[in-house]
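Remarks on the structure that follows.
The values are calculated or read from the model by the stated rules, or taken from the named source; none is laboratory data. The structure presented is a predicted model; accordingly, all values stated were derived computationally and were not measured. Please note: Cβ atoms are built from the backbone with ideal geometry, for glycine as well, and neighbour counts cover all protein chains shown. Only protein heavy atoms, including side chains, enter the accessible area calculation; ligands, DNA and RNA are left aside. Shrake-Rupley method; radii C 1.70, N 1.55, O 1.52, S 1.80 Å.
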Amino acid sequence: MLSIWKRELQGYFFTPVGYVFMGVFLTLSSVMFYLTIMQQRSSDLLTFIGLMSYLWMLLCPVLTMRLLAEEKQRRTDQLLLTSPVSLGGMVMGKYLSAVTVMLVTVLLTLLFVLIVGIYGQVYPGEMLVGYLGFILQGCAFIALDLFISGCASNQVTAAVMAFGANFVVWMLDLLESSISVSFIRDILSFFSLYARSEPFLMGQLSFASIGYDLSFAAAFLALTIHVLDSRRYRGI
Amino acid sequence: MIDLKQVTKRYGAVEAVSKLSFHAPKGQIVGLLGQNGAGKTTTLNMLTGYLPPTSGQILVDGMDMLTQARECKRRIGYLPEKPPLYDEMTVQSYLAFVCELKEVHRRAIPAHIADIMQTCGLTEVHGRLIGHLSKGYRQRVGIAQALCGDPPVLVLDEPTVGLDPRQVVEIRQLIRELGRKHTVIFSSHLLPEIQQLCQRVIILHKGRMIREADMADLTDTGDSLRLRASIALDEKQLLPSLKSLSCVRRVKALPGIQPGVSEVLLDCTRDASPDPQTQLFRLLCGLDAPLRMLVQERDTLEEAFLRATSADE
């Protein structure tokens, strides 16, 4: 698992993918920072974090598209699957490498917090809770998109399908408010990652939401392993 | 070293490999021979653990591939049809990654890689990106990757396909050298290649094994001796007399080249007394028919293969 994690991490920075992800993320979040904090002369970091979390939807597919689809496309999965590494170890190694790149990027956004800290007021507890929710949401999106990369046969379809799936997750939030039948609304809101992060954005440490995000990620990782395993049995 | 027991692989309704059983003993080069689509790649994918069989059992060193996959996989190095290479890595960093995957001890990795690169002739390209290498070198990196972790069994799927003639010779030489230390199983649809390299041959046809034999046995004609003769006598006169010989089982007239000279293929009992050549000589002396040519025919692998595959149909 460790060797796969290391290789994937190197892969992000030997190819432009890692730089593209970080570059685009930081550029867009700078614009958001300007709009929500600097222009408004506000120190409301939670609103800023809430806005940044829409970037996961947009950018996680970039991070995950090659992880599994490319292995299959280049037939390098034959090396991994005939090595003494378990399928679970392989999927976790890849997942954690994407999470690592995400965490490094999140770490860089602390610069924005520093700026607010210098010119305004930062409430550490509130900020930590906001960031926790932000990171957990990223982890959940990466797991969903990794699953899609495992289903797709090449990188482009993986990226497009992952973007579509993320969009559906986001749409659930919109649909939910427009549907009047309450039980459908309950189901939709249950699956909405954005609805789940609302407590964090109000500065509440919600264990229900933490549990939800973690189990969302775990479920999709388990599904990824299952898809890869069943594909071996079917031989495609 | 490797045992397959009644292994079957189905893709939906298609049976790619059907009830295949064979044994590859330690320290031998075993060739898997078959036409395209005979099930060679599927067989190799199963015995390396890439694909699980639909039914049957695969044993590596006495361990089951299904229940002790990790132990089994540690003992096998696999070069698939298309070498599993990461183009953005250098040869050295790629081999280091494979060594880590194969659980080579961290400190032993540099020396191990240097050793493998020496064996495969990669030392001079160790710092190059794999994506920039020629096809021959890529194939070598593929073989090098299979050698990482020093597995006792090497499985090579059509290792010489698509290489130029010189590269083919080099790779075959390399396989022959590797065969001294490892059990090698490799597939090919090229008969001469199998004939040159293997001690044992398994012929697959439409997913089934139709022949398993040592190379010497396969090309041996068994207890029959086949003689090809040109005799200066008319066929009509010659054939009945030949058939009357006690050692001759079958006579086949071949199309003649010269008028008045018959070309025949005789299928004789090897341990006849006196021996078939002597009997033939005495007969021809009696007939006053000069013998122009007499050759003992050996089966080629090609004939054995065609016979085996056509008998199946």
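Brief remarks follow.
- Filter result for B:VAL168 (open to solvent by less than 80 Å² (accessible area, probe 1.4 Å), part of a strand (DSSP E or B), among the hydrophobic types (A, V, I, L, M, F, W, C) and at pLDDT 85 or above): no
- Filtering region B:46-58 to residues that are more than 8 Å from every other protein chain (Cβ to nearest Cβ) and within 20 Å of B:GLY149 (Cα to Cα) leaves only B:LEU47.
- Of the set (1) open to solvent by 30 Å² or more (accessible area, probe 1.4 Å); (2) within 30 Å of the chain's Cα centre (by Cα), all apply to B:THR42 but (1).
- Every test in (1) surrounded by 21 or more Cβ atoms within 10 Å (Cβ to Cβ); (2) within 18 Å of B:ALA38 (Cβ to Cβ) is passed by B:ARG208 save one, and that test is (1).
- Every residue from region B:272-284 that is open to solvent by 30 Å² or more (accessible area, probe 1.4 Å) and either hydroxyl-bearing (Ser, Thr, Tyr) or in contact with a strand residue (DSSP E or B) (Cβ under 9 Å, 6 or more places away or on another chain) (or both): B:SER273, B:ASP275, B:GLN277, B:THR278, B:PHE281
- Failed condition for B:VAL153, given (1) open to solvent by 50 Å² or more (accessible area, probe 1.4 Å); (2) closer than 18 Å to A:PRO84 by Cα: (1)
- Residue list for region B:1-20, filter: open to solvent by 40 Å² or more (accessible area, probe 1.4 Å) and part of a strand (DSSP E or B): B:ASP3, B:LYS5, B:GLN6, B:ARG10, B:TYR11, B:VAL14, B:GLU15, B:LYS19
- Among the helices (runs of 4 or more DSSP H) confined to region A:150-236, the ones with at least 1 residues that are open to solvent by 70 Å² or more (accessible area, probe 1.4 Å) and either closer than 26 Å to A:GLY133 by Cα or more than 14 Å from chain B (Cβ to nearest Cβ) (or both) are located at A:155-178, A:182-191, A:198-201, A:207-234.
- When B:LEU66, B:LEU133 are checked against the criterion of being over 26 Å from the mean Cα position of the chain (by Cα), open to solvent by 10 Å² or more (accessible area, probe 1.4 Å), at pLDDT below 90 and more than 10 Å from chain A (Cβ to nearest Cβ), B:LEU66 stands alone in meeting it.
- One residue alone among B:GLU263, B:GLU235 is open to solvent by less than 60 Å² (accessible area, probe 1.4 Å), outside the structural domain of B:GLY34 (by TED's automatic domain parsing) and over 17 Å from B:ILE29 (Cα atoms), and that residue is B:GLU263.
- Cβ-Cβ contacts under 8 Å between residues 6 or more apart (or on different chains), taken from a first residue in region B:157-169 that is in the same structural domain as B:VAL141 (by TED's automatic domain parsing) to a second residue that is open to solvent by 40 Å² or more (accessible area, probe 1.4 Å) and among the charged types (D, E, K, R), are listed as B:ASP157/B:GLU81; B:GLU158/B:GLU81; B:VAL161/B:GLU81; B:GLY162/B:LYS135; B:LEU163/B:LYS135; B:GLN167/B:LYS135.
- Of all residues in region B:183-212 being hydrophobic (A, V, I, L, M, F, W, C) and under 20 Å from B:GLN6 (Cβ atoms), the one that is modelled with the highest pLDDT: B:ILE185
- Scanning region A:48-86 for residues that are at the interface with another protein chain (Cβ under 10 Å from one of its Cβ atoms), assigned to a helix (DSSP H, G or I) and not charged (D, E, K, R), we see that the one that is most open to solvent (accessible area, probe 1.4 Å) is A:LEU81.
- Residues of region B:77-106 satisfying the condition of being within 8 Å of another protein chain (Cβ to nearest Cβ), part of a loop (DSSP other than H, G, I, E, B) and among the hydrophobic types (A, V, I, L, M, F, W, C): B:LEU85, B:MET89
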